[in-house]
1. Which order do 243, 68 fall in if you start with the one that has the fewest other Cβ atoms within 10 Å?
2. When a footprinting reagent is the concern and you count Cβ atoms within 10 Å, what order do 151, 92 take, fewest first?
3. Could you give me the ³J(HN,Hα) list for the range 240-249, computed from phi with Karplus coefficients 6.51, -1.76, 1.60 and θ = phi - 60°, whole Hz, x at Gly and Pro?
4. In nm, to one decimal, how far is the modelled label at residue 234 from the one at residue 44, with both set 7 Å along Cα→Cβ?
5. At 0.36 nm per residue, minus the direct Cα-Cα distance, what do residue 259 and residue 81 gain on full extension? Give it in nm, one decimal, please.
6. Set the Förster radius R0 to 30 Å, insert the Cβ-Cβ distance between residue 55 and residue 139 as r into 1/(1 + (r/R0)^6), and round the FRET efficiency to 0.05.
7. Taking neighbour Cβ counts within 10 Å as the exposure measure, how do 154, 93 sort from fewest upward?
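Bear in mind these aren't lab numbers, they're just calculated from the coordinates by the rules spelled out. Only a predicted model underlies this, so the values are computations on that prediction, with no experimental measurement involved. So basically every Cβ, Gly included, is an ideal-geometry build from the backbone, and we count neighbours across all protein chains shown.
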Amino acid sequence: MKIVAFATTATILLHSNICGMVGGWHFAHRHDLAFPITIRHLAHTLIYFGNATSEPQYQAGIEQQEVCRVMDRLRQQLGLRALFYPKLVHGTKGLTIRRHLPAPRTKRGDFIMTNEPLIGLAIASADCLPIIYIDPEHRAVALAHAGWRGTADKIASEVINSMTHEFGSRPEELRIIFGPSTRCFGELSVQQATWHGLQVDDESTVVRTRAGDLLLDLSVLNRRQLVASGVDADKICTLYNVCTKCDPQFCSHEREPDNPHRQFCVVALAP
């Protein structure tokens with residue numbers, strides 16, 4: 001799968017971030033990418049991943065008018081015709097964006113889809129997993145926000161079902177890209193995990209530590225769901241799935257619960 005970087009905002013450096021070993025579960029994250037970064041995928045899709053230093057910056061709880069200003073600045077920066085940002089509800093509800101767009105955050109949902117060129121799809125996150133779906137055959141894209149609730153409710157598979165219905169997409173033809181997210185999510189309780197059907201043991205993606213806490217690797221669980229839905233495992237790119245909790249260049253609610261800042265992820269079809 002060809003992914004070409006055409007613009008970055010910083011020199012690419014090689015470094016590593018290691019959280020350590022907890023309860024026999026080793027997680028170490030190494031990458032050589034400097035964020036924020038803008039890339040082109042298959043020469044017809046624009047993708048943007050921000051970080052804690054990105055401008056414009058998004059903050060949780062800001063007023064609608066300020067959301068519109070931030071989104072318009074990001075739209076201009078990326079050279080897009082429009083940029084759509086829904087109000088996240090941490091579920092599996094999706095939206096399809098046509099020619100006539102509503103204002104940012106006037107619609108609720110946790111994934112968005114379009115087949116319109118230069119219409120950007122955006123989400124802001126600070127640990128949850130951004131999942132980008134690219135259908136090169138039908139010229140369509142989607143962007144999902146997968147937190148632990150959405151992951152447990154199988155949002156990754158729901159997006160595929162919706163793209164199949166809306167655009168005729170076939171799972172085996174989709175290209176998937178994971179954005180930055182925590183690889184050691186620890187916000188849920190045992191009761192929450194079991195209620196949502198997440199198995200808690202050392203062999204699953206939900207691991208109980210010696211202290212009794214739970215750690216969830218969102219990317220592993222969503223990857224399993226995508227493959228189970230028919231996506232070719234070789235077409236799932238995790239190159240940009242840097243751990244936001246481990247790497248201080250990213251906003252992380254897990255690491256800094258009082259920090260309102262969030263990083264953007266954007267995907268759009270090129271003309």
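1. Taking fewest neighbouring Cβ atoms as first place, the list is 68, 243.
2. 92, 151
3. 9, 7, 6, 6, 5, 6, 7, 9, x, 6
4. Label-label distance for residue 234 and residue 44, simple model: 2.1 nm.
5. Value of the extension gain: 61.0 nm.
6. Computed FRET efficiency for residue 55 and residue 139 comes out at 0.50.
7. 93, 154
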